[in-house]
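Single-structure report; data block below.
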Amino acid sequence: MTDTNDDYVYDEATGEWMSASAAAANAQDPDIVEVRDAVGNLLADGDSVTLIKDLTVKGANQTLKRGTVIKSIRLTGDDQEIDCRYEGIKGLVLRAEFVRKR
């Protein structure tokens, strides 16, 4: 719960306005990378995501269709990439901009 008297500051790294207490918390732990899906939901290890676009997988001669559910994602440390498994595809890495959290 946020305090109504809290000031808001502009975070240049994310390009968002946030409360001063949230900005201070982010400044204390810069190693934590926030990964957000196409609509802005925060993703975490173990989440399930749905593809929002047909994606052609390079090297696998396979296309993942829109609406495909990918279970148990893993964060890679990059704010735009997630690591996941899908049957028949080894070492699949997806961009966060093409998924939506379930």
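The values are calculated or read from the model by the stated rules, or taken from the named source; none is laboratory data. Bear in mind the structure is a predicted one, so any value in this text is a computation, not a measurement. When we count neighbours, we look across all protein chains shown, and the Cβ atoms used for this are built from the backbone with ideal geometry, even at glycine.
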Tally, over the range 45-71, of residues that are out of contact with any strand residue (DSSP E or B) (no Cβ under 7 Å at 6 or more places or on another chain) and small (Gly, Ala, Ser): 2
Assess whether residue 59 counts as being in a loop (DSSP other than H, G, I, E, B), exposed (fewer than 12 other Cβ atoms within 10 Å of the Cβ) and not β-branched (Val, Ile, Thr). yes
Is it true that residue 50 is in contact (Cβ under 8 Å) with a residue 12 or more places away in the chain, part of a strand (DSSP E or B) and surrounded by fewer than 17 Cβ atoms within 10 Å (Cβ to Cβ)? yes
For the range 11-39, enumerate the residues that are in a loop (DSSP other than H, G, I, E, B) and at pLDDT below 75. 13, 14, 29, 30, 31, 32
Residue 67 meets each of (1) within 21 Å of residue 33 (Cβ to Cβ); (2) in a loop (DSSP other than H, G, I, E, B) with one exception, condition (1)
